[in-house]
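A short write-up of the structure that comes next.
The values are calculated or read from the model by the stated rules, or taken from the named source; none is laboratory data. All of these numbers come straight from a predicted model, not from anything done at the bench. Methodologically, a virtual Cβ is constructed for each residue, glycine included, from the backbone with ideal geometry; neighbour enumeration extends over all protein chains shown. Please note that ligands, DNA and RNA were not included when accessible areas were found on the heavy atoms of the full protein model with its side chains. Shrake-Rupley method; radii C 1.70, N 1.55, O 1.52, S 1.80 Å.
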Amino acid sequence: QVQLVESGGGLVQPGGSLRLSCTASGSRWHINAMGWYRQAPGNQRELVATIIGGGSTNYGDSVKGRFTISRDKFKNTVYLQMNSLQPEDTAVYYCNVRNVVDEYWGQGTQITVSS
């Protein structure tokens, strides 16, 4: 059973930065994609960023230029560096991991951007 452990959420002021991390364990199959999604109250879950294969990345339009996703393949860990955070970034952030047979979700970590 694949387990995901997320860390790094919390409260930050507008313009501030946070870094999320998510470590996957227990996968019998190669992990070929890792990423982050978020869901604000009343909204659908949306893409934040993904990183696949050799390092190709994809970002949601609202975070381009502010967030950076990276990955440590040896540690099966994905990171999300978030800069210039704004109140509209407030949401629960979910780690997502895919291997060749399934995809898995973390429990979610709350990020609140408020003064």
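Please verify whether T77 is of a type in the set (S, T, Y), closer than 17 Å to S114 by Cα and either surrounded by 15 or more Cβ atoms within 10 Å (Cβ to Cβ) or in contact with a Lys or Arg (Cβ under 7 Å, 6 or more places away or on another chain) (or both), treating the condition exactly as stated.
Spelling it out, it is not the case that T77 is of a type in the set (S, T, Y), closer than 17 Å to S114 by Cα and either surrounded by 15 or more Cβ atoms within 10 Å (Cβ to Cβ) or in contact with a Lys or Arg (Cβ under 7 Å, 6 or more places away or on another chain) (or both).
Give me the pairs, please: first residue somewhere in the stretch 28-42 and under 23 Å from T68 (Cα atoms) and outside any strand (DSSP E or B), second residue anywhere and of a type in the set (G, A, S) and open to solvent by less than 60 Å² (accessible area, probe 1.4 Å), beta-carbon distance under 8 Å, and either six or more positions apart or on two chains.
A40/A91
Just name the residue that is nearest to the chain's Cα centre (by Cα) out of those in the stretch 49-70 that are of a type in the set (G, A, S) and open to solvent by 80 Å² or more (accessible area, probe 1.4 Å).
G65
What number of residues within the stretch 7-43 satisfy the criterion of being open to solvent by 30 Å² or more (accessible area, probe 1.4 Å), closer than 13 Å to D89 by Cα and in contact with a Ser or Thr (Cβ under 7 Å, 6 or more places away or on another chain)?
So the count comes out to 5.
Got a sec? Which of E88, E46 is open to solvent by 40 Å² or more (accessible area, probe 1.4 Å), modelled with pLDDT of 95 or more, among the charged types (D, E, K, R) and under 27 Å from Q1 (Cβ atoms)?
When all the criteria are applied, what remains is E46.
Considering only residues of the stretch 91-115 that are in a loop (DSSP other than H, G, I, E, B) and small (G, A, S), which is most open to solvent (accessible area, probe 1.4 Å)?
S115
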